[in-house]
Amino acid sequence: MPENKTLVMKFGGTSVGSADALTKAAQIVKDARADYARVVVITSAMSGVTNLLLDSAASASQGKTDSLPSAESTLREKHFAAADALIKDETLRAETKHEIDSLIHSFVELCKAIAILGEASPRAMDAAASIGERMSVRLLGAVIESAGVSAKAIESTEFVVTNAHFQNAHPDFKATTEKTRQLLNPLLDQGIVPVTTGFIGATPTGAITTLGRGGSDYSAAIIGAVLPADDVWIWTDVDGIMTTDPRIVKDAKTLSEITYSEVAELAYYGAKVLHPKTIRPVVDAGIGLRICNTFNPSHPGTRLIANIPSDLQPRDGQIVKAVTAIRNQRLVTIEGRGMLGVPGVAARAFGAVASTKTSVPLITQASSEQSICFAVPSESADSVINALQVTFASEIEDEDIDRVWMTEDVSIITVVGVGMRHTPGVAGQVFTQLGNNKANVLAIAQGSSEVSISMVVAAADTELAVRSLHDLIAGK
């Protein structure tokens, strides 16, 4: 076994969500030691815990603390039941339960303080959200120790240094590299498995921050990049990244490998995979990344590979890799002959959208410049329409813009695959497939990278469109 071979493993919420899951996670860590001398484990909160913490804090901000005793009881029962079942050593079990109990107590006190103030600042919400990981790390560390592997729980607040942008903090890679190596390398050199928290870091002054969406995966990528590790494995509750949602297509399959650009498109367009931000440090450091199933550890999962040069075809020869759908969208259209050749219409339109804090997943514009069409989430559509009508009030009055309107609910269907690049006729196959299956396309968009084609269909056609396009992968 190579002396310095390093593996970073991250376990998601369902992978540590019960005594059974924790047992499997500990066995996976034990097995990994056969191939890797140095193993770092990152854990999420137990499944459902972070939501419970945030809901309790949000209720407290409205002065409601009635549900706090119930939340406190749930947190204690969930963690203590697993500790009682899995931590053999009485002293270690008592110590672990005491530390978890102290964290629950500090959470209750935090909620009471929030209730008195009548508001929860982003900093307070980060402090509340962090409790889940801080309990989980103590529990998993003790469970791994009980499984016969020397382990030490350590909070990532001690070495992941971030800015003070609470709820979506950005790491300071220079300071983080220095602190991570300083704290983790001595443990790794002694054969100890550091078990640390995902999702959280701290400012230089020690205030707890969270890393935003996909934060635990991001933690794994950060730690993997700065150590550096040879490999980063993300343990979850599925066999890897699938060709489409198996609830829509029963014969959806797990992809054995996928490029970084493909996974970024899939994550952006609604697939339950890694968020592009979370894997950036790993991509930049050229480190291997694998997605595996805690409940089916013998499955090879999906391996992420470097982007393929644009003049080469993928190794597996597959042109379309996956199909994904974002539901609950509305198409918003601004149209009028007076827009023709007028500079700044698009800039003003998207400035208005930005003022509502709405993200736009798809944009398309006719070359005649007489209309701009884009998608927004359904729940934001009314506020977007209002903002646009205010912005273009004078143009609407002068009839330079005929109308600003939106559709009923639609879905964005996206086909992804680097093999689509420089392959003639792919778009033709896609639209022929939809046409043959009588799925009507309302709008189309394709990026210059040619890794994906997105189209908008009526909500009622979502599943039909996904199944039709998945047939292209299956070769039907």
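The values are calculated or read from the model by the stated rules, or taken from the named source; none is laboratory data. All values derive from a computational prediction rather than experimental measurement. Cβ: placed from backbone, ideal geometry, glycine included. Neighbour counts: every protein chain shown.
One line per residue, one yes/no per condition, for (1) more than 21 Å from A151 (Cα to Cα); (2) under 26 Å from the mean Cα position of the chain (by Cα); (3) not basic (K, R):
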residue	(1), (2), (3)
S47	yes, yes, yes
I100	no, no, yes
I104	yes, no, yes
A120	yes, yes, yes
M125	yes, yes, yes
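Yes/no matrix, rows are residues, columns are (1) surrounded by fewer than 15 Cβ atoms within 10 Å (Cβ to Cβ); (2) hydroxyl-bearing (S, T, Y); (3) in contact with a strand residue (DSSP E or B) (Cβ under 9 Å, 6 or more places away or on another chain):
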position: I114; (1), (2), (3): no, no, no
position: A127; (1), (2), (3): no, no, yes
position: V143; (1), (2), (3): no, no, yes
position: T162; (1), (2), (3): no, yes, yes
position: T177; (1), (2), (3): no, yes, no
position: L183; (1), (2), (3): no, no, yes
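Would you please name the residue that is surrounded by the fewest Cβ atoms within 10 Å (Cβ to Cβ), looking only at residues in the range 442-476 that are at pLDDT below 90 and either among the β-branched types (V, I, T) or in contact with a Ser or Thr (Cβ under 6 Å, 6 or more places away or on another chain) (or both)?
Step by step, filter the range 442-476, then rank; the result is A445.
Return the residues of the range 100-111 that are farther than 23 Å from S61 by Cβ and surrounded by 19 or more Cβ atoms within 10 Å (Cβ to Cβ); say none if nothing qualifies.
The answer is I100, and nothing else.
Kindly provide the set of residues from the range 44-60 that are without any contact (Cβ under 8 Å) to a residue 40 or more places away in the chain and assigned to a loop (DSSP other than H, G, I, E, B), ordered by number.
Residues satisfying the conditions are S47, G48.
Of these, E95, E133, which one is among the acidic types (D, E), under 24 Å from I223 (Cα atoms), touching a helix residue (DSSP H, G or I) at 6+ places or on another chain (Cβ under 9 Å) and part of a helix (DSSP H, G or I)?
Sole residue among the options that is among the acidic types (D, E), under 24 Å from I223 (Cα atoms), touching a helix residue (DSSP H, G or I) at 6+ places or on another chain (Cβ under 9 Å) and part of a helix (DSSP H, G or I): E133.
Can you list the strands (runs of 3 or more DSSP E) lying wholly within the range 179-254 that have 1 or more residues being under 20 Å from G288 (Cα atoms) and of a type in the set (F, W, Y)?
The strands (runs of 3 or more DSSP E) meeting that bar are 231-236.
Determine, yes or no, whether S355 is of a type outside the set (A, V, I, L, M, F, W, C) and buried (at least 19 other Cβ atoms within 10 Å of the Cβ).
Here the answer is no, as S355 does not meet what is asked.
Pick from the range 337-360 the residues that are assigned to a loop (DSSP other than H, G, I, E, B) and at pLDDT below 90: which of them is nearest to the chain's Cα centre (by Cα)?
Checking each candidate, the answer is S359.
Return the residue satisfying two criteria in turn: it lies in the range 1-43 and is under 26 Å from A129 (Cβ atoms) and basic (K, R), and of such residues it is surrounded by the fewest Cβ atoms within 10 Å (Cβ to Cβ).
Of everything passing the filter in the range 1-43, K24 is surrounded by the fewest Cβ atoms within 10 Å (Cβ to Cβ).
Among the numbered conditions (1) at pLDDT 95 or above; (2) outside any helix (DSSP H, G or I), tell me where S368 comes up short.
With (1) at pLDDT 95 or above; (2) outside any helix (DSSP H, G or I) applied to S368, the lone miss is (1).
In the range 13-43, which residue that is outside any helix (DSSP H, G or I) and more than 19 Å from D231 (Cα to Cα) is nearest to the chain's Cα centre (by Cα)?
In this case the residue turns out to be G17.
Just for the range 77-92: of the residues that are within 15 Å of L22 (Cβ to Cβ) and over 33 Å from the mean Cα position of the chain (by Cα), which one is surrounded by the fewest Cβ atoms within 10 Å (Cβ to Cβ)?
Only one residue fits best here, namely K88.
Take I131 and decide whether it is in contact with a Lys or Arg (Cβ under 6 Å, 6 or more places away or on another chain) and in contact (Cβ under 8 Å) with a residue 40 or more places away in the chain. Show your work before the answer.
On the way: in contact with a Lys or Arg (Cβ under 6 Å, 6 or more places away or on another chain): no; in contact (Cβ under 8 Å) with a residue 40 or more places away in the chain: yes.
The answer is no for I131.
Since K152 meets every condition but one in (1) among the basic types (K, R); (2) out of contact with any strand residue (DSSP E or B) (no Cβ under 9 Å at 6 or more places or on another chain); (3) outside any helix (DSSP H, G or I), which condition does it not meet?
All conditions pass for K152, except number (2).
Can you run down the residue pairs with Cβ atoms below 7 Å, 6 or more apart or on separate chains, where the first is in the range 425-441 and surrounded by 14 or more Cβ atoms within 10 Å (Cβ to Cβ) and the partner is of a type in the set (S, T, N, Q)?
Listed by first residue and then by second, the contacts come to Q433/S468; L434/S468; N437/S468; A439/S468.
Could you list, in sequence order, all residues of the range 164-175 that are buried (at least 17 other Cβ atoms within 10 Å of the Cβ) and closer than 15 Å to S219 by Cβ?
A169, P171, D172
Could you tell me whether D400 is of a type in the set (D, E, K, R), touching a residue at least 24 places away in the same chain (Cβ under 8 Å) and within 30 Å of I473 (Cβ to Cβ)?
So D400 fails the test.
Would you be able to say whether some residue in the range 365-387 is more than 20 Å from V332 (Cα to Cα) and touching a residue at least 12 places away in the same chain (Cβ under 8 Å)?
no
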